[in-house]
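Participant: Have a look at this one before I ask anything.
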Amino acid sequence: MIAFIMEKKLFIVTSIVLSLTVIFSTLCLFGFTKVALPFAITFGTTAYHFIMRLVVGLCVCKQLKLDCSQKRFRVSAAEQRLYKLIRVNQWKDKLPIYHPDNFDISKRKPSDILSAGLYAETGHTIMALLSFPPMLLAVPFGAIEVFALTSILGCILDLLFVIIQRYNRPRLLRALRQSKRTL
């Protein structure tokens, strides 16, 4: 139920931002460029980030076969020290979760949570990389600040979710090993 509410809110916000993009872009076409262009750029860039995240989350990750034994999913000791240094354990629960039931230890087995984490990490990594293409629009439109700010902030936000998944992975693997020992 919570996941449905989160999805619905995300679709509503995306629809609003996209509608505002259309409205301000239309105003630009009717000669109100000086006033409307900054809004069209801001809402357009924001709409891109929302739509891109929806597309990646709903389509791209579903096509992948992921396994925590793959080299890219291994978490090194140095990485774990970094996560301790930046105190991930203190802020990781403050970020919203798109599908909280997928990560609920009272409802899911460690293997299911581990799998959901691999998909979340992969999706957010792709989203972080796709945060930067809008910067190419700074060439024809100007407003490099808007394009750079939204791209950098979008990337940072996605990397926070990647960090959380990587921080949790060693603990989930330990829990998985312990559950297999008790069987």
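Participant: Residue by residue through the range 161-177, note down the ones that are open to solvent by less than 30 Å² (accessible area, probe 1.4 Å) and β-branched (Val, Ile, Thr).
Facilitator: Within the range 161-177, Val162, Ile164 qualify.
Participant: Looking only at residues that are open to solvent by 50 Å² or more (accessible area, probe 1.4 Å) and of a type in the set (Ser, Thr, Tyr) in the range 18-51, which one is nearest to the chain's Cα centre (by Cα)?
Facilitator: Among those that are open to solvent by 50 Å² or more (accessible area, probe 1.4 Å) and of a type in the set (Ser, Thr, Tyr), it is Tyr48.
Participant: Within the range 127-149, is even one residue open to solvent by 100 Å² or more (accessible area, probe 1.4 Å), closer than 27 Å to Tyr98 by Cα and at pLDDT 95 or above?
Facilitator: yes
Participant: Sort out which residues of the range 85-128 are under 20 Å from Gly154 (Cα atoms) and of a type in the set (Lys, Arg), and write them in order of number.
Facilitator: Answer for the range 85-128, where residues must be under 20 Å from Gly154 (Cα atoms) and of a type in the set (Lys, Arg): Lys92, Lys94.
Participant: Let me ask something else. Looking at (1) open to solvent by 60 Å² or more (accessible area, probe 1.4 Å); (2) in contact with a His (Cβ under 9 Å, 6 or more places away or on another chain); (3) assigned to a loop (DSSP other than H, G, I, E, B), which is the one condition that is false for Ser106?
Facilitator: Result: Ser106 fails condition (2) only.
Participant: OK, next. If you scan the range 70-84, which residues turn out to be among the basic types (Lys, Arg) and either over 21 Å from the mean Cα position of the chain (by Cα) or assigned to a helix (DSSP H, G or I) (or both)? Please lay out each step first, then the result.
Facilitator: Residues of the range 70-84 that are among the basic types (Lys, Arg), as a first pass: 71-72, 74, 81, 84.
Result: Lys71, Arg72, Arg81, Lys84.
Participant: A further question follows. Between a first residue in the range 116-129 that is assigned to a helix (DSSP H, G or I) and a second residue that is surrounded by fewer than 23 Cβ atoms within 10 Å (Cβ to Cβ) and small (Gly, Ala, Ser), which pairs have beta carbons less than 6 Å apart while being 6 or more apart in sequence or on different chains?
Facilitator: Short answer, once both residue conditions are applied: Gly123/Gly57.
Participant: Is it true that Ala3 is modelled with pLDDT under 90 and surrounded by 12 or more Cβ atoms within 10 Å (Cβ to Cβ)? Write out each step before concluding.
Facilitator: Details: modelled with pLDDT under 90: yes; surrounded by 12 or more Cβ atoms within 10 Å (Cβ to Cβ): yes.
So Ala3 passes the test.
Participant: Counting only residues that are open to solvent by less than 60 Å² (accessible area, probe 1.4 Å) and touching a residue at least 24 places away in the same chain (Cβ under 8 Å), how many does the range 65-84 have?
Facilitator: 6
Participant: Does any residue in the range 156-179 that is small (Gly, Ala, Ser) come within less than 8 Å, Cβ to Cβ, of a residue that is modelled with pLDDT under 95 six or more places away or on a different chain, and which pairs are these?
Facilitator: From residues that are small (Gly, Ala, Ser), the pairs are Ala175/Pro110; Ser179/Lys109; Ser179/Pro110.
Participant: How about the range 85-100: which of its residues are over 12 Å from the mean Cα position of the chain (by Cα) and open to solvent by less than 50 Å² (accessible area, probe 1.4 Å)?
Facilitator: Val88, Lys92, Pro100, listed by residue number.
Participant: Only one of these is modelled with pLDDT under 95 and more than 14 Å from Leu160 (Cα to Cα): Ile97, Ile113. Name it.
Facilitator: Numbers: Ile97 fails: more than 14 Å from Leu160 (Cα to Cα).
Exactly one of Ile97, Ile113 is modelled with pLDDT under 95 and more than 14 Å from Leu160 (Cα to Cα), namely Ile113.
The values are calculated or read from the model by the stated rules, or taken from the named source; none is laboratory data. Predicted, not measured: the structure shown is a model, and the values here were computed from it. Cβ sites come from the backbone with ideal geometry, for glycine too, and all protein chains shown count toward neighbours. Just the protein is used for accessible areas: all its heavy atoms, side chains included, with ligands, DNA and RNA removed. Shrake-Rupley method; radii C 1.70, N 1.55, O 1.52, S 1.80 Å.
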